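The values are calculated or read from the model by the stated rules, or taken from the named source; none is laboratory data. These numbers come from a predicted model, not from an experiment. Here Cβ is always computed from backbone atoms with ideal geometry, including for glycine, and neighbour counts include all displayed protein chains.
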C-alpha cells in the first residue's frame, strides 16, 4: 500500500499504523494522493538514492512517453513529475512552470528533501554524458554550481538546534531554469535570516556552522592571521570556548557525525567552483573572524567617566578593527559607545549606557553578518545566471525568463522554544500562511468545485487558520 487514499478506513489511527509499518520496512516515503509524505529516518538510506535510482524515475516519467504502471513513492518521483509536466507543457505551448512546496515541523527533514530534489533536477538537466566526457576534466557546469550553492548556504545559514543538527535558519525559494530540458541557470531568493542567533544561543544549540568550520578546518597560519590562535594552545575547542558568541551554549560540535573541519574544506571547494575569487574568500573569512572578536568586547563605566571599552578587552576591539580594515581603533570604540544625531543644523553626540553599548555591539554584528549573507546570495545568483560567460541568456527574476522553470520552496518549520523571539513569530506566521494555502488547495477549493458541479459528497471538517493569518 503506497498511497494512504487506498486505506479502507481513513482515520488518525489507521494513518499512523500504515506510516509506522512502512517506516519499519525503511519505506520512508508514502503518497497521499498528489502529496508526498516523508518521514525523517535521521540517517542516509543509501539504497534509496543515487544516479541509478534517479534514472529509474527519469525513465518512468519521460516527457515524451505515456506513464504506465506503478512506481514506489519517492522524493525523486515528485521531481520527476514536475520535470515531466514542465516539458509536456512546453511541447504543447501551455503554461508549464512548476512549484514544489516543502513543509513540516522543525527537524522533519525539509532541507534534506530540498537537496534531493535539486540533485535530481540537476542530474536530469545536466549536459549529456558524451558532451561532458569531451569537456576538460576540471570543467564546471551549471549543475555543479547549483549543487555547490547549497553547501555555501548551509554553512552560512544553517545551525544546530535542539531538534535538528542542520537546521535552516532562513527561508529560500530556488528557481531552476531549463531550456529544452537542460538546466541553464538558477537563482535563489532568501528571507528571514535568524540574526539573533549570532549573539545568543540556547543550551544545546550553536551559532551558524561557518564559525565552527573555519576554526576546526583552518590551518594554524590562518587562525594566526585571524588573531584566533593563542600561543599557549592550539586546541580548537578551547579556542571556541574563549569567545562569547560561540561559548554561551557550551556546545561546539554536531551530533550527526558531520565533521566541521571536513565541511570547511568542502565550503572552500564550493566557493571556488561557483566562482568566488581568493580575495573575496579572504575578505569573508576576515569579516567572520572580526565578528568573533567583536563579541568579546565588553564595557564599563569608571567613576565620573562615561561608558568605554573595558581595558581588558581592548585587544579584542583592536583585532576586530584590523580584520575589518578600520584604521582607527578609537573610531570603532566611538561607534560602539556613542550615538550621533542632528538637532536642527547642529550635530550632537549622545553617550550610551553599558546596556546600550552592548546592544550596539550586537546590532553591528547582526548587521554585518546580514549584509554578508545578502552579498553571498547576490554573488551566487550572478554566477548561476552565467552560461558560457553570457549573463544575458537568463535572469534571476521569477517568471521573466524565456525558459521554463521549477521552483522549490524551503522554509523553516513551526517552532515553539522555551524562549521565543521576533524571529519565531515571523517563522510561525510564514508557516501559518503556507498552511492556509494548503487548506485552500486541498479542502476549500476542492469542495467548492464539488458544490459547483453538483457532485454529492460528505463535507470534510478541517481546522481553518484563516482568522489567525488575518489577525496578523
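Only one of the listed residues (341, 299) is free of Cβ contacts under 8 Å to residues at least 12 places away in the same chain and farther than 20 Å from residue 210 by Cβ. That residue is 341.
Is it the case that some residue within region 385-400 is assigned to a strand (DSSP E or B), modelled with pLDDT under 95 and either at negative phi or surrounded by 12 or more Cβ atoms within 10 Å (Cβ to Cβ) (or both)? Within region 385-400 (the criterion being assigned to a strand (DSSP E or B), modelled with pLDDT under 95 and either at negative phi or surrounded by 12 or more Cβ atoms within 10 Å (Cβ to Cβ) (or both)), the answer is yes, since at least one residue qualifies. Starting from residues that are assigned to a helix (DSSP H, G or I) and in contact with a helix residue (DSSP H, G or I) (Cβ under 9 Å, 6 or more places away or on another chain), keep the ones in region 419-439 and report whichever is surrounded by the fewest Cβ atoms within 10 Å (Cβ to Cβ). Among them, the one singled out is 422.
Against the test of being without any contact (Cβ under 8 Å) to a residue 12 or more places away in the chain and at negative phi, the options 203, 238, 172 yield a single qualifying residue, 238. When each of 163, 206, 216 is tested for being part of a loop (DSSP other than H, G, I, E, B) and modelled with pLDDT of 95 or more, the lone residue that passes is 206. Every test in (1) out of contact with any strand residue (DSSP E or B) (no Cβ under 6 Å at 6 or more places or on another chain); (2) in a helix (DSSP H, G or I); (3) without any contact (Cβ under 8 Å) to a residue 60 or more places away in the chain is passed by residue 68 save one, and that test is (2). Determine, yes or no, whether residue 270 is surrounded by 19 or more Cβ atoms within 10 Å (Cβ to Cβ), more than 18 Å from residue 169 (Cα to Cα), at pLDDT 95 or above and touching a strand residue (DSSP E or B) at 6+ places or on another chain (Cβ under 9 Å). Here the answer is no, as residue 270 does not meet what is asked.
Taking only region 241-267 into account, find how many residues are surrounded by fewer than 14 Cβ atoms within 10 Å (Cβ to Cβ), outside any loop (DSSP other than H, G, I, E, B) and free of Cβ contacts under 8 Å to residues at least 40 places away in the same chain. Residues in region 241-267 being surrounded by fewer than 14 Cβ atoms within 10 Å (Cβ to Cβ), outside any loop (DSSP other than H, G, I, E, B) and free of Cβ contacts under 8 Å to residues at least 40 places away in the same chain: 1 in total.
Can you name every residue in region 83-114 that is surrounded by fewer than 17 Cβ atoms within 10 Å (Cβ to Cβ), assigned to a helix (DSSP H, G or I) and free of Cβ contacts under 8 Å to residues at least 40 places away in the same chain? 88, 91, listed by residue number.
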